[in-house]
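What follows is a short report on a single structure.
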Amino acid sequence: MEKEKQAAEEVKKPTATKKPATEKSDAKAQPPRKKTLFEKIQCVRVGLQKTEVKKSGKMNGRESKPYLELADFTPQLNELMLAERFTAIVNFTATEATLTAYDFDSEQTFTITSPMREVKVTGCNDMQNLGAVETYQRRYLYMAMFDIAESDILDGGTGNSENGSGKQKADKPFEKPTPEQLKEVQALKMDLNNIAAHFKKSVDEISKEEVAEAIAMQKAAIAKVEAKKAAQQAAQQAAQQQIENTEGNAQ
């Protein structure tokens, strides 16, 4: 009887549950790896590819073949560089132009170089020639560093285009303004910078045909002004004659 009572008490005792082994603490989260400067540059290249960049430049008067100007891609480029935390600075010396990328998060730099070339544009002073060279250098340096695809030489008219028969024909070569045209521009009190601005180009990009068009427009404007003056003078003379006739009849 005593044994049965003892057995019943043992049955009533709750069975001890084993505690689970303590899990090892998770490894400390590693901080995200910082991008190298070259990774950042590549990210900007990809970002530019996804951006709709429209060509607004016009080469050699061919409106159907525009090219990329600095203003077409530098706004997007500056935003992308800022987001990736680096910048690119242009520098010029007498012998070369450089574009250097500086990383905000490290001491890394990357430089693209290009030899300087002297350009003499008819009708421009030394400072205007220098400005034209530096503008082109900036454009090509950015295009090289950020892999901006641009066939501006072909776009400018040195390539071929198809005619109606499906054959290839060469575009008309670019011709600079003639000395006679430049003298006429000066005689008409015109400014090459204004002409270039009218065609949305730099002075060294305006062609012989465009200068001829500008001269014709200026002559037409002068003729219009002279015709207006002549009409006013004729009206004044007619009015004066009428007054004289009236006074003569009154006498």
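The values are calculated or read from the model by the stated rules, or taken from the named source; none is laboratory data. Treat the numbers as computed from the prediction; the structure is a model and nothing was measured. Cβ coordinates were reconstructed from backbone atoms using ideal geometry, including for glycine residues, and neighbour counts include every protein chain displayed.
Things to note:
- Output for region 82-127, where each listed residue is free of Cβ contacts under 8 Å to residues at least 40 places away in the same chain and among the hydrophobic types (A, V, I, L, M, F, W, C): LEU82, ALA83, ILE89, ALA94, PHE104, ILE112, MET116, MET127
- Given (1) touching a Lys or Arg at 6+ places or on another chain (Cβ under 9 Å); (2) farther than 24 Å from ASN129 by Cβ, number of the condition GLU247 does not satisfy: (1)
- Every pair of residues 6+ apart whose Cβ atoms lie under 6 Å, when the first sits in region 177-192 and is closer than 14 Å to GLU210 by Cα while the second is surrounded by 10 or more Cβ atoms within 10 Å (Cβ to Cβ) and of a type in the set (A, V, I, L, M): PRO177/VAL211; GLN181/VAL211; GLU184/ILE215; LEU192/VAL203
- Just one of the listed residues (GLU244, GLU226, GLU213) is under 30 Å from LEU70 (Cβ atoms) and surrounded by fewer than 17 Cβ atoms within 10 Å (Cβ to Cβ), namely GLU213.
- Subset tally (residues that are closer than 16 Å to LEU182 by Cβ and either touching a residue at least 12 places away in the same chain (Cβ under 8 Å) or in contact with a strand residue (DSSP E or B) (Cβ under 6 Å, 6 or more places away or on another chain) (or both)) for region 203-251: 14
- The residues of region 53-82 that are at pLDDT below 80, over 12 Å from the mean Cα position of the chain (by Cα) and not basic (Lys, Arg), listed by number, are MET59, ASN60, GLY61, GLU63, SER64.
- Where helices (runs of 4 or more DSSP H) fall wholly inside region 110-215, the ranges with 3 or more residues that are farther than 29 Å from PHE73 by Cβ and modelled with pLDDT of 80 or more are 179-187.
- Condition met for ALA29 (modelled with pLDDT of 65 or more and not assigned by TED's automatic domain parsing to the domain that holds PHE104): yes
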